Structure formats: structure tokens, C-alpha cells
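Visitor: Below is one structure. I have some questions about it.
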């Protein structure tokens, strides 16, 4: 119960005044602590964006090179080899040249992208099919989607599908790069021709 | 306490529109000081100079913050530089003006060398430091970081506004408790002074900043580059609003409104303004603690509730709430009829259209959307009746809807204007009771000023109101006992003028020759009195 305290004529601080100031300092400390937590989470999100931007740069770079005549035909990302996607070949479980799988493996092991980490889990950067704001485990993950144009007259110009290992890359692809924020929701990084 | 006679009230002065009374023939320096910097002359430009310099300082602070965001700074380097040059030019002109006018300033007037005394004063040193690095960099290479840090010193210029306000606040609150002082700082009272106004402006700036950041955050491209800045801004805003909230809760017990309650703080926490304050900070704490459990993005929208904090500084909201509460019985009846009409329309729509359009009028709840859109005359057209009976029914119901849906709007608008008239009548009644003695004391003048501002009365309206009261007051003055009239010289003069007027009127109406005869007959009027009569009539 709050009872107004009598007014001392000196204007000096009472015990409850001092207690209130201490309480106010604690509250400010709490806000600062929570603010700094938010800031650190925000920094992780920024790092996630930098990961996405690194992938965008790689796609832009590789997309420009791989269609050139002098690009090595035996490179896993080369568009020159037609993929053999017969059921028997797929069953063997070996990497199929001319598909996204070997190209991705090359990017993850031999390019500058190999050192990228998911700042939220501190593990190697992981690829997921899509971001989901209800799934916090996806924070910091990367989503690579192929944008396929829809027939003329369709209400949406593109249909997006996650890039799978067996997707052929013997043609020019329109790729969308997305990363998942701290809540698992998507942050669009960019679109590039690969 | 000084009193003002009703006929002497200057409405312009009362509403703060007064013109400075500065003689034209003053020496040039004195004249300039009086117009620009003298804090003791009401109506001069001193407040405006302080206000605009204050705004420029705050803008400088923002510019400095944004210079650290490469995505904003790099494409707009030219603009940032131009703004810096402009700021330095303004601050330099201000510094030189203050230096030139220092001999007129009360603070330095008595010194042997007023301008040197000015240059060595703390405020002048701050002013100098605010501009000096800009000029030094032309001669000495200064590190960009150091230069930015030195520019941060410009914030210190705000002390020129804050320190006098703190001194005034201290004087007003001498001998008062800490809690009373906090109350004076955060709640409007006679003890708040300018510091309370600065506090209000500070909170209002943070409200606008944080709401702007919530709105801008929703623009993906902006959030992408300024995400961390938005986080910092939100944390600072929450810090400011939390301190404000607890200061209000702690000191509310000093408010007469809550003093008589059993649990005054609980009473305050349950008030509308406190609930808004709590809503303004809650999303921040909930989001940090609970974001692992739920998707709490919807809470971010609640940060926009901070805008409601501004209603504290706007009386129109209070009037609107009063109106809604007063008209609630009629409005609820109208809402009931609206609801009835919506359900009936939806049911009829379902009855006549379900067979023809089963996908659009699938059931009655789904038809409610169509009913509301039709009755409210919105008419999106995504669902429309196709059967002849359905169309006929729609014509009737749409016409009915125009009338029924317009009732609450009409009710509100007429009640709102009624309330304004009522409040003006109350002001008139108050003014009339204040003027029973023909005078206004200082408190009554403050009350009148505040009420006139609250009701947004113009100078003409207030003049009209005062004229009306003077007329009514003149009629009633006759009823004031002569002893009371005699106590107040201004009223006594007015009364004397009134009596003289009566005598002159009598002189105009009567036959002077017969009047003189009658006066002299039987010594009815003493010779001195007759002489005075003739003097008044202008015949002596």
C-alpha cells in the first residue's frame, strides 16, 4: 500500500528515495543488458547476411566464368557436360557430373566459401530448403533456390524451388539467395544468373 | 501578487503573442541584444534563437550518427558535408554575435573587459569548441575519428538551454522532497518550469524517433542496411521510456488526483496513460525473454503504441474520450442496430445467393463480409449478388446502410462540437466568476491562458468573449456595494465615469433654464453644487 510520505522541509532524500534510485539503476542495467543481447544477436544476423553476400559474390563470379569458352570442361560447375540422370546411374549414389551436387561440393571445399560458419550455431554453414519463422533452428542457414519462369499469363512470374544435388546445371540458372534470420524468417540477399 | 483590471487585459500578451516593446532609438548594439539575446524581454527572438539552435544541435547529432553508417554516408557524402558547413556557419555567426553583444549582457557588463570575460565563460568555451575543429582542420591534418569526436562536443551547446532550466527548477523546488521534484519534472505542475517542458520535448522526440524506426524497419531494403542501428535505437528508446514510466509510478502519489486513494500507485498504473506507457516498453522485454518459445514478431507492431504516448500532450484526445463516454448509450444502441442489420443482410444474402454462388455465399459467417462491405458503402465488388431478388435486396439494404452506418459518425461529430461549445461556456462561466471583483490575479490569468490554449481560442475569439463579459459585468457592477467599488481604484474610476455619463445624459434630456430655476428656488441646490453641474454640462 502506498502512503504519501510527510514533506520534510529540508528537501533531503528519504530511504525510499534512495531505494528507488537503486531500483532505477538496476532497471537501466537490465535494459542495457537486454539491449546488448539484442545487439549481439543482431551482429550474428549481420554475419549471416555477409555469408549470403559471399555466396552471391561466388555465384556472380562463377556464373560469369563458367559459360565462357575457355572454362575447363572438367570443372564440376561446367555447363558443358550433359548429366546422366537415368535411374540406374542415380542408384549408384555417385556424384553425377553436370548437376548441382558436385558444383556445390567444390564450392564448399575448395573455394573461399569453405570457411563460412553459421554464426548462430558456430557450425559450418548449412543449406536448408527454406526459412521458416516458426523454426528457430534454421537461424543463420542458407537457402539457394532456382527460379523457374512460369508460362506467359501466369499470376506469378517465377516459381522457386530449392536447388537439389541432382538439378542439372548445364544451362543458365536464375538463382535466389536467402538467409534465415534469428527467428528463422527469411532475409533476401539477392538474385543472380548462374 | 499583481492584479490586472479586466479592461486592461491584453489578449495577445495572454496568449503569448505579444510583441516585444523595444525602443527604436536604442544604441545599435543594445537594440540588437534586446531583440536577439535578452532573456528578460517577452516577445523578442531570444526563445526562437535558442529553439532553432537547439534543433540544429540535435540534427548535428543525427548527422554524426548516420556518418557511421557507410550505406547512408557514402552515397550522400556531399550532403553531409554541406550540412556540416551550414551548421558551422550558423554556430560561428551565433558565437560572433554573442561575442559582439557581450558588453550588453548582465553577466559580463560589469567586467573590465566584457568580451574577454565572455570568451572565458564555460558556455563560450563550449561554443568555441563546437566550431574550432572545423577551422583547424584547414591548417592541421586531424584524424577523421578525432574530428568526429570533437564534433560530438556540439551536443554540449545544449547546456545553454538546459542549465538555466535546471537553475529555475531548483529555485522552484527549494525545500521540496526528491519525490516532489520528480513529480514536478514528469507531471505538469506549477513547480516544473522550463525543465518540465524540456523533459516533455525529449520524450516526444524519442516517441517520434522510435515510431519512425518501427515504420522504417518494415522497409526491407532499409532494415537490411540499418538493422543494428534500429536495435540500438530501440534499446535506448526503451531505456528512456522505462525510466519515465517508473518515475511517473514513483512520483504519482504527489498528484492530488491519487493522494486520497488507498493504493495511489495501483490507481495510476490502471490509468489509460500508464497502460500506454507500459505497452510501449513491454514488447522489448517479452521479445527478448520469449522469442525462443513463440514467434513474437507481431509484438513489434505494438511498439507503434508508443505514438499514443503523445496523446498525453494533446487535449483533443481527452475531449474525444469524454464524448465517446458521454454518448456511449446512444452509440451502443446504434451499434446494436448495425449488428442486427449486418446479420440480417448476411442471412438474406445467403438465402438468395447461396444456390447461385455457393463458393462466395458458402455460409452465413462468410456472407457477413459481403454484408459489411455493402452496408458500409465500401463496395469492393469481389462478392456481388447475381440473382434478381438478391440484387433488389441489396439496393434496399445499401440505402438503409447509408443511414444506419452514418449515425455513429454524425453522433460523434455533433457531440464533439457540443463538447467544445460546452467547454467554452464553462470557460466563460469561470471567467465571469473570476471577474466578480472586476480583476484577474496572476493565478486566474494563468488559468485563463491555459484554458484558452486548450480550447484553441484565437485572439479574436478571446477578445469577443472578454468584451461580452465586460458588457455583462458592467450591468452587474451596479449591484456591487459602493464600499466594494471604492476599495478598487480602477473600479471606482469606472464607476465615477459611469456616474458622470448619467449626469451628462440628464443634462441633455432636461430643460436647463427650468433646471436652474428649480435648483435656485428654495435653495434646493447649494451654489457650489450648481457650479459643478454647470461644469459637467460644459456651461461654466
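Bear in mind that the values in this text are calculations on the coordinates, not laboratory data. Quick caveat, the model's predicted, so the values are computed rather than measured. In this analysis, Cβ positions are derived from the backbone assuming ideal geometry, glycine residues included, and neighbour counts consider all displayed protein chains.
Visitor: Quick one: check the C-alpha center-to-center distance for segment A:110-161 versus segment B:170-191, whole angstrom.
Guide: Here the two parts' Cα centres lie 58 Å apart.
Visitor: Rounded, prolate or oblate: pick one for segment B:484-536, where a ≥ b ≥ c are the square roots of the eigenvalues of its C-alpha gyration tensor, a/c under 1.5 means rounded, and failing that, prolate if a/b is larger than b/c, else oblate.
Guide: Here segment B:484-536 falls in the prolate category.
Visitor: Moving on. Defining a contact as two alpha carbons under 8 Å apart and six or more residues distant in sequence, what relative contact order in percent does chain A show?
Guide: Dividing the mean separation by the residue count of chain A yields 23 percent.
Visitor: Given the peptides A:52-60, B:443-451, B:358-366, arrange them by the average over their residues of other C-beta atoms within 10 Å, most packed first.
Guide: The packing order, highest mean first, is A:52-60, B:443-451, B:358-366.
Visitor: May I pose another question? Over chain A, what per residue volume does the convex hull of the Cα atoms give, in whole Å³?
Guide: 226 Å³
Visitor: Let me ask something else about it. Under the 0.36 nm per residue contour assumption, what length would be gained going from the current alpha-carbon distance of residue B:487 and residue B:208 to full extension?
Guide: 95.0 nm
Visitor: To test your reading of the geometry: what angle, between 0 and 90 degrees and rounded to tens, separates the Cα axis of helix A:100-110 from the longest principal axis of chain A?
Guide: Once rounded, the angle reads 60 degrees.
Visitor: Can you compute the FRET efficiency between residue B:433 and residue B:218 using 1/(1 + (r/R0)^6), with r the Cβ-Cβ distance and R0 = 45 Å? Round to the nearest 0.05.
Guide: Computed FRET efficiency for residue B:433 and residue B:218: 0.30.
Visitor: Pull out the extension gain between residue B:66 and residue B:536, defined as 0.36 nm times the separation in residues minus the alpha carbon to alpha carbon distance; nm, one decimal.
Guide: Residue separation times 0.36 nm, minus the Cα-Cα distance, leaves 161.3 nm.
Visitor: Looking only at other chains, what is the average number of their beta-carbon atoms within 10 angstrom of each beta-carbon in B:234-242?
Guide: Going residue by residue through B:234-242 and averaging, the value is 4.
Visitor: Another question, if that's okay. Could you tell me which of rounded, prolate or oblate describes segment A:132-179, using a ≥ b ≥ c as the square roots of the eigenvalues of the alpha-carbon gyration tensor, with rounded for a/c under 1.5 and, failing that, prolate when a/b is larger than b/c and oblate otherwise?
Guide: Taking the square roots of the gyration eigenvalues as a ≥ b ≥ c, segment A:132-179 is oblate.
Visitor: Between residue B:30 and residue B:107, what is the FRET efficiency for a Förster distance of 22 Å, r being their Cβ-Cβ separation, to the nearest 0.05?
Guide: Efficiency for this residue pair is about 0.90.
Visitor: Rounded to whole Å and sorted largest first, list the principal axis extents of the Cα atoms in segment B:328-419.
Guide: 50, 19, 18
Visitor: Please report, in cubic angstrom per residue, the volume enclosed by the convex hull of the alpha-carbon atoms of segment B:45-138.
Guide: Value for segment B:45-138: 106 Å³ per residue.
Visitor: Going out from 0 in 10 Å bins, what whole percent of all Cα-Cα distances in segment A:39-78 drops into each bin?
Guide: 28, 32, 21, 15, 5
Visitor: Shifting gears a bit: Averaging sequence separations of C-alpha pairs under 8 Å and six or more residues apart, then dividing by the length of segment B:45-167, give the relative contact order as a whole percent.
Guide: Value for segment B:45-167: 29 percent.
Visitor: Taking a quarter of the surface of the convex hull around the Cα atoms of the protein assembly as shown, what do you get in nm²?
Guide: Orientation-averaged projected area of the Cα hull: 58.9 nm².
Visitor: Let me ask something additional. Which of the peptides B:66-77, B:158-169 is most tightly packed, and how do the rest follow, going by the mean number of other Cβ atoms within 10 Å of each residue?
Guide: B:158-169, B:66-77
Visitor: Using the basic label-point model (7 angstrom from Cα toward the beta carbon), what is the residue B:328 to residue A:135 distance in nanometres?
Guide: Each label point lies 7 Å from its Cα, and together they span 4.9 nm.
Visitor: At a threshold of 8 angstrom on Cα-Cα distance, excluding pairs fewer than six apart, so keeping six or more, what relative contact order does chain B reach in percent?
Guide: 12 percent
Visitor: Hey, another quick one. Give the shape of segment A:75-183 as rounded, prolate or oblate, defined through the alpha-carbon gyration tensor: a ≥ b ≥ c are the square roots of its eigenvalues, a/c under 1.5 means rounded, and otherwise the shape is prolate if a/b is larger than b/c and oblate if not.
Guide: In terms of gyration-tensor shape, oblate.
Visitor: Considering every residue in B:300-307, what mean count of other chain Cβ atoms within 10 Å of its Cβ is obtained?
Guide: Mean inter-chain Cβ contacts per residue within 10 Å come to 0.
Visitor: When only alpha-carbon atoms are used, what values of Rg and Dmax, in angstrom, describe chain B?
Guide: Reported Rg and Dmax, both Å: 34.3, 112.
Visitor: Something else about it: How big is the Rg/Rh ratio for segment B:97-139, C-alpha atoms only, Rh by Kirkwood, two decimals?
Guide: Taking Rh as the inverse mean 1/r over Cα pairs, Rg/Rh reads 1.08.
Visitor: What ranking, highest mean first, results for peptides A:114-123, A:132-141 when packing means the other Cβ atoms within 10 Å averaged over each residue?
Guide: A:132-141, A:114-123
Visitor: Can you give the mean number of other chain Cβ atoms that lie within 10 Å of the Cβ atoms in peptide A:31-39?
Guide: Counting other chains' Cβ atoms within 10 Å and averaging over A:31-39 gives 6.
Visitor: Right, something else. Mind putting together the pair-distance distribution for segment B:127-173? All Cα pairs, 5 Å bins, whole percent per bin, short to long.
Guide: Using 5 Å bins, I get a P(r) of 5, 20, 20, 15, 11, 9, 8, 6, 4, 2 for segment B:127-173.
Visitor: When chain A is modelled as a GNM with alpha-carbon springs shorter than 10 Å, which of A:107, A:88, A:73 fluctuates the most?
Guide: Checking each option, the largest mean-square fluctuation is seen for A:88.
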